[in-house]
Amino acid sequence: MQTFTMVLEEVWTSLFMWFVYALIPCLRTDEVAVLPAPQNLSVLSTNMKHLLMWSPVIVPGETVYYSVEYQGEYESLYMSHIWIPSSWCSLTEGPECDVTDDITATVPYNLRVRATLGSQTSTWSILKHPFNRNSTILTPPGMEITKDGFHLVIKLEDLGPQFEFLVAYWRREPGAEEHVKMVRSGGIPVHLETMEPWAAYCVKAQTFVKAIGRYSAFSQTECVEVQGEGIPLALALFAFVGFMLILVVVPLFIWKMGRLLQYSCCPVVVLPDTLKITNSPQKLISCRREEVHPCAMAVMSSEEIFRAWIT
């Protein structure tokens, strides 16, 4: 009888323990982790854009959502290892999260992600190695080289407020000096040089991020020539000079020809004083008939008249 009692007590004890173990998960404050956790966490960082990626959790016929949290050096050392939800990735559908706005300092960051399906959640998956933004990949900037008359102009790719650009340019000739200019922002045309006619100029550029103290490689060199624009300018100059000459020479030529024709075809004859009539015609014919002999007239030949004129 005593043995039976002992066996019965063991059975009740086992049942009680089984009940307790079955009840404990229901009493937990955290949600039950029944979904598989996301795997293969990694960060793709290019030009200070940081993208956390992971392998998706597949549940047939269902849409799984994901939540991302981060922990910087300050949160780890001074705020009891708290985790902060990502600004843009709370219950997102895709297996990636842009954490650029969350990574604000050049210190190691821990990142973690979990899956959610309805009331079910997975455990957190943590990035294996902390991420530091100074490991970002910097690529050469895109650039557009144009000519504005004889002005060399560059427009650089806008990569954000953290980026500055180091631009090198030179005249393409042996022994040419290379000039360097710092451009503070992209997306805006910037004047580099006033070019000389019949010359070619070359340009290359690289990015610089002051926050991490790093430069990218230089871009491919691009060259432009101003030969095509020198000819129209010279032609315009010659046309202007020719037009001014025409305005001056043609009126002068017309005036000179007019004067020449005037003296050749219609000369002005000036009578000598001896042939000019100083008295009125009435006085010349006032001689009375009976006094004709005092007014006797002498007839002169043409030779005598000419001789008298030239003397």
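The values are calculated or read from the model by the stated rules, or taken from the named source; none is laboratory data. Nothing here was measured: the structure is a model prediction, and the numbers come from that model. Every residue, glycine as well, gets a Cβ built from its backbone with ideal geometry; the counts of neighbours run over all protein chains shown. These area figures cover heavy atoms from the full protein model, side chains too; ligands, DNA and RNA do not enter into them. Shrake-Rupley method; radii C 1.70, N 1.55, O 1.52, S 1.80 Å.
Name every residue in the range 39-61 that is open to solvent by less than 70 Å² (accessible area, probe 1.4 Å), aliphatic (A, V, I, L, M) and closer than 23 Å to residue 141 by Cα, in order of residue number.
Within the range 39-61, 43, 48, 51 qualify.
Could you tell me how many of the residues in the range 62-119 are among the acidic types (Asp, Glu), surrounded by 12 or more Cβ atoms within 10 Å (Cβ to Cβ) and within 13 Å of residue 50 (Cβ to Cβ)?
Count: 3.
With respect to residue 143, determine if the residue is at pLDDT 95 or above, surrounded by fewer than 11 Cβ atoms within 10 Å (Cβ to Cβ) and either under 15 Å from the mean Cα position of the chain (by Cα) or closer than 30 Å to residue 52 by Cβ (or both).
In short, no.
Count, please, the residues in the range 185-214 that happen to be exposed (fewer than 13 other Cβ atoms within 10 Å of the Cβ) and either among the aliphatic types (A, V, I, L, M) or touching a Cys at 6+ places or on another chain (Cβ under 7 Å) (or both).
1
If you go through the range 187-196 one residue at a time, do you hit one that is closer than 30 Å to residue 70 by Cβ and part of a loop (DSSP other than H, G, I, E, B)?
So far as the range 187-196 goes, yes, one or more of its residues are closer than 30 Å to residue 70 by Cβ and part of a loop (DSSP other than H, G, I, E, B).
Give all pairs with beta carbons closer than 6 Å in which a residue from the range 149-160 that is assigned by the TED database to the domain that holds residue 204 and among the aliphatic types (A, V, I, L, M) meets a residue that is part of a loop (DSSP other than H, G, I, E, B) and surrounded by fewer than 16 Cβ atoms within 10 Å (Cβ to Cβ); count only pairs at least 6 apart in sequence or on separate chains.
Filtered contacts from the range 149-160: 153/189.
Does the range 200-216 hold any residues that are in a strand (DSSP E or B) and of a type in the set (A, V, I, L, M, F, W, C), and which are they?
Within the range 200-216, 200, 202, 203, 205, 208, 209 qualify.
Rundown of residues vs (1) touching a Pro at 6+ places or on another chain (Cβ under 9 Å); (2) closer than 19 Å to residue 160 by Cβ; (3) not in a loop (DSSP other than H, G, I, E, B), yes/no style:
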site: 85; (1), (2), (3): no, no, yes
site: 91; (1), (2), (3): no, no, yes
site: 97; (1), (2), (3): no, yes, yes
site: 100; (1), (2), (3): no, yes, no
site: 104; (1), (2), (3): no, yes, no
site: 111; (1), (2), (3): yes, no, yes
site: 114; (1), (2), (3): yes, no, yes
site: 128; (1), (2), (3): no, no, no
site: 134; (1), (2), (3): no, yes, yes
